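Derivation of every value follows stated rules applied to the coordinates shown; laboratory data play no part. What you are looking at is a predicted structure, and each value in this text was computed from that prediction instead of being measured. Positions of Cβ are backbone-derived with ideal geometry, glycine not excepted, and every protein chain shown enters the neighbour counts.
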Amino acid sequence: MESRSEPAREGEAAIQRPPLVRELLLVAGLFLVYKLGRQLATGHTGEAFDNAHRVWDLERFLRLPGEGDVQSALLHSDTLVHVVNTYYATVHFPATAAFLIWLYLRRPGHYVWARRVLAAVTAAALVVHLTFPLAPPRMLAATGLVDTGQVYGPTVYGASPETDSLSNQFAAMPSLHFGWALMVAIGLIAATRSRWRWLWLLHPLVTLLVVVGTANHYWLDAIVAAALLGIALAVIRVPRRTVAPTARALDRVGAGSSVPEEPEAPDGPGASGAQDAPELVGAGR
């Protein structure tokens with residue numbers, strides 16, 4: 001019997017994974033540059049609150065849904081608020097890291113693409129943080145919103161933004177929580193072929209409700225993040241899929257027959273017993 005895993009191995013061989021140590025240093029370096037860059041934007045308290053009032057007024061002018069409606073639904077249950085705060089504090093970085101690790105191991109071509117997109121979006125976000133400091137809605141009295149992290153816990157921010165040395169709390173726009181979550185979903189949809197892969201869109205949807213419901217971000221923060229991601233995806237194109245031929249197909253080519261296409265099989269993180277999908281060619285390195 002012929003093994004269906006052989007074409008997958010041949011396809012994997014067509015894509016060379018970037019050196020692991022280099023990738024770890026690169027990702028760590030980008031993260032440190034971003035964190036240091038955010039700290040450069042601290043100390044603009046007055047400007048951050050002025051911009052917050054402008055964003056709030058613009059949302060009302062555009063008749064966007066009120067952030068308070070989402071928070072009111074959460075405040076019906078202390079347990080739910082605690083779960084949402086925990087999601088905000090703990091899911092963002094681990095989910096993105098797991099996404100990149102899985103791509104590196106299983107879809108190296110898509111990994112390079114996703115890493116470049118995330119780096120581009122994060123760099124653009126840093127520019128916005130530096131040029132447009134913005135106080136989150138939890139700090140703006142006009143919103144009437146509650147700082148759920150401080151009231152119900154847990155929170156990743158210090159009680160006083162001015163003395164918080166670990167994070168810049170005046171960098172609300174764009175929401176990288178939402179931007180990264182959306183990229184995780186798009187990346188997994190592009191890299192897998194399971195009929196259930198569209199369910200990954202639940203991740204950015206839940207993240208959107210979480211960042212708004214906890215009063216850490218405005219709707220416009222998520223809209224700007226999505227716009228930056230859209231630009232990055234338009235410039236950095238997703239790799240194309242090709243299917244490696246089986247041994248039988250290669251024999252038929254030698255006999256003068258055309259190569260039939262292999263049927264696609266569901267695949268993705270958590271897919272039980274799924275064969276490795278054929279890899280990509282032509283991916284940037």
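Here are a few things to note about the model shown:
- Other residues whose C-beta falls under 13 angstrom from the C-beta of residue 152 contribute a net charge of -1, scoring Lys and Arg +1 and Asp and Glu -1.
- Taking Cβ atoms as reference points and 14 Å as the exclusive limit, the residues near residue 217 contribute a net charge of -3, counting Lys and Arg as +1 and Asp and Glu as -1.
- Burial ranking of peptide ranges 227-238, 24-35 (average Cβ count within 10 Å, highest at the top): 227-238, 24-35
- Residue by residue, segment 193-199 carries 3J(HN,Hα) couplings of 10, 5, 5, 9, 5, 5, 5 Hz when phi is fed to the Karplus relation 6.51 cos²θ - 1.76 cosθ + 1.60 (θ = phi - 60°); x denotes Gly or Pro.
- Close amide H contacts of residue 134 (hydrogens built in the peptide plane, cut-off under 5 Å, sequence separation of 5 or more or a different chain): 171, 172, 173.
- With eigenvalues of the C-alpha gyration tensor scaled by 5 and rooted, segment 44-132, Å: 31, 23, 12
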